[in-house]
1. Report, as a whole number in µm² per second, the diffusion coefficient that Stokes-Einstein gives for the stretch B:142-283 at 37 °C and 0.692 mPa s using the Kirkwood radius over alpha carbon pairs.
2. How would you order A:232-240, A:174-182, A:309-317 from highest to lowest mean count of nearby Cβ atoms within 10 Å?
3. Work out the mean other chain Cβ neighbour count within 10 Å for the residues of A:116-125 and drop it here as an integer.
4. Can you give the % of DSSP beta bridges in the protein assembly as shown that are antiparallel, to the nearest 5?
5. Magnitude of the Cβ-charge dipole of the stretch A:298-448, K/R +1 and D/E -1, about the Cα centre, nearest 20 debye?
6. Put the label 7 Å from Cα along Cα→Cβ for A:Asp109; what are its distances to the other copies, in nanometres, shortest first?
7. Return P(r) of the protein assembly as shown (all Cα-Cα pairs; 10 Å bins starting at 0; whole %; ordered from short to long distances).
8. Label-to-label distances across copies for B:Gly425, with labels 7 Å out along Cα→Cβ, in nm, shortest first?
Protein chains: 2
Amino acid sequence: MSARILIVDDIETNRRLLEARLSAEYFEVLCAADGQEALDLCVEQTPDLVLLDVMMPGMDGFETCRHFKNNPVTRHIPVIMVTALDEREDRIKGLEAGADDFLTKPLDDVALFARVRSLLRLKQLTDELRVRERSLDTEGEPVLDVEVPSGAHIAVVAVDDRTAARLAAKLPDDVAAQSFGDPRDAVQAIGAGVDLVVVDLTSKHFDGLRVCARVRSDAATRNTPILAVVDPDARDQMVRALDLGVNDVVTRPVDAGELAARIRTQLRRARYADKLRDRLDESLELAVTDPLTGLFNRRYLASRLDQAAEGFARVGEPLSVILFDLDQFKEVNDKHGHAAGDFVLKAFADTLKSQLRAIDIAGRFGGEEFLVILKDTAADCAADAAERVRAAVARQDFSVKATGDTLNVTVSAGVAQMRDGETVGQLLDRTDAALYDAKNGGRNQIVLSRAKAA
Amino acid sequence: MSARILIVDDIETNRRLLEARLSAEYFEVLCAADGQEALDLCVEQTPDLVLLDVMMPGMDGFETCRHFKNNPVTRHIPVIMVTALDEREDRIKGLEAGADDFLTKPLDDVALFARVRSLLRLKQLTDELRVRERSLDTEGEPVLDVEVPSGAHIAVVAVDDRTAARLAAKLPDDVAAQSFGDPRDAVQAIGAGVDLVVVDLTSKHFDGLRVCARVRSDAATRNTPILAVVDPDARDQMVRALDLGVNDVVTRPVDAGELAARIRTQLRRARYADKLRDRLDESLELAVTDPLTGLFNRRYLASRLDQAAEGFARVGEPLSVILFDLDQFKEVNDKHGHAAGDFVLKAFADTLKSQLRAIDIAGRFGGEEFLVILKDTAADCAADAAERVRAAVARQDFSVKATGDTLNVTVSAGVAQMRDGETVGQLLDRTDAALYDAKNGGRNQIVLSRAKAA
């Protein structure tokens, strides 16, 4: 996977060296000599990843990283901080400034590229969602702040109960931890309710990567962040873990502060992605729903009817539609007010849903008109369904809570089955004509279109 | 990256061997002994990839593959066909049955895993889109058939003009090919208009992977399929190419039939993903738009107003709103019909858009009411904008084409600026009260809410 990487370092030799190594791996490279240049370049060129030196004159790496993470335009770009000194405090400071990882110079190529690949893979997935989401908004990134609430559910998996419990004891106080000393139990128990998994890979008697692979390949936990604990000299294992889809790695002896910072980073990323997914799903649902009744809207009905008509044309499955229209609905609105009108529409929608099969597609066609698409259903059967709805409505008391009025609501319907060579428009015209006959015949009745084919 | 892989082979030893190798790489493995079992397992367990033996008694690999690809539930799962015989005809037959690749036994682990990783990475991206898309539909995969139209734009890149032209001559007749004998020209010319890139990696005097990396890391061509030409013994290069994001590989000497089949597969996959993206974007846009006027809808206005109010509370940026209401609109509907009413709403929406700044957020609030959110704008300035709209509407002739009637349309507006400690509901109430005053004052005027803070 190729990508554009921004190197930020005040020393030119360092930049040139790193550029040569990344370029040999076919990455496109951008360079900046200080924090400000980096921030400007990031906004202009939106790289896929930033390698950020800690010690720079003027704005140092920590401050630069905080700026990156405070700017909605650059916030999603992963940052790896690079330093010559491996001080625990610095590492935590870097992670808390929002860095995704903190590596020590001299950089080991294999470890660096494994980490870069892993971060790019995750970014690629969120990018797909971000680009879609952006079409909702006229001004940049919509999901601005994703706080990490306390109480996250964390599963800790290790070779035995004692080791697992000891590792769990290092977790921050504000999480709900569950430790597993048996990988089989862990694999069974880790499901959608778990927010993060910590797996200890340091035991020779237990292949923790197997647990990681299982968590990653299961649909319910595919996006659950995994943090692996490795020995500092187990480079191959670390690379393997990252390539398998482990999100982050912490080395032994585990420092509780660093663990907490890395967990926060992972939870924040995961929640950001979840929020993007949720918002997209919600918007998509809104796009097909009538807000008042919760039924499908006209646009969606039209597209499903076209689809069903194609199915009829291709395999000849019978297709019928019902068009309902509430009788004298204008009077309800005029006499009892709009609130009462809305109440009746909602109550009718509920009746409609309760009287139809799950596979029937019901929606509000506009005003007080409702359309039902019945696939694989002949006209007689559709007429029975329409009659069932009509009778249920006629039986029902529509009493408006706010006013105490009891309304006498009835409904008329036209029913038609699609004919060979007929268009959707012609089918709807026939249904409409049948509805018209029902209204003219005195309302509170259904009429089945029986006219000859055109 | 871990995943669930289905092995289909009638010989148990083959299955066991392959299972052991995949399992050692931490893949989850499912096994099926014949085509029917494979199809059943695929529907039940939806693996991420299928390794399919060609020669099986009963339903052979070709037929099984065609079944996979004809079923909407399994269609998106990549299939690698595996055979002991390397016949050109079989290879093309497999690709045409919908296989993503065709490998020869004995399988080389490195080559196999590189291909598996590459296919899984691509699948992961489309899966994110598919899952979202599915929420639109109650019955499975909505994008059923993605035909490959002819006339695809294909760029061919090689070490020199002659080699590029010779390779381009092997492309199918129904594509528009452009060949590049200079990688710099190619990188310059390959943009969003190119549907697929073929890169010849067989020359020692030209690093074609550099071109692949560039195409992959550029935002405009990030999803453009790349097909690389390699020497049959250049395994490392092939692995490298796939890991860099090249979508498929064809070996020299290039067979025109195989090239055509592989190009078709790639174009089909790319168009499928594009279609998913387009449909999502379209649905998302529909979710925020009022269908009649094309302005934002009430739901979207409400969420943007909440967002703007938060901005006001946080940094104190002045925030104003205008509520427009068309004067005596009910008369337009009653006298001239609904079509005329719709025409007036649309014409007003156009005027509104032309008179406001691009950063103002304008939408239909319901019926004949329109709301405008003006961020970073004080009341006086908002009142000026409202007055500009009012005057433009008063000047304008609303002549209805269909009827020839010229309507005299005017608009009234209430304007208010958000106050400290005020809720969005209170702000809208004040704006509504100002609008009421404008109506009572004789219409065709704007009123600025100046009442004291609560």
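1. The estimated diffusion coefficient comes to 215 µm²/s.
2. A:174-182, A:232-240, A:309-317
3. The shielding value for this peptide is 2.
4. DSSP beta bridges in the protein assembly as shown are roughly 35 percent antiparallel.
5. Working: 19 positive and 23 negative charges, 69 e Å.
The calculated dipole for the stretch A:298-448 is roughly 340 debye.
6. 2.3
7. Calculated P(r), rounded to whole percents: 2, 10, 16, 20, 20, 16, 11, 5, 1, 0.
8. Taking the point 7 Å beyond Cα along Cα→Cβ, the inter-copy spacings are 4.7 nm.
Every read-out reported here was derived from the displayed coordinates using simple, explicitly stated rules and does not represent laboratory data. Keep in mind that what you see is a predicted model, and the values were worked out from it rather than measured. Every residue, glycine as well, gets a Cβ built from its backbone with ideal geometry; the counts of neighbours run over all protein chains shown.
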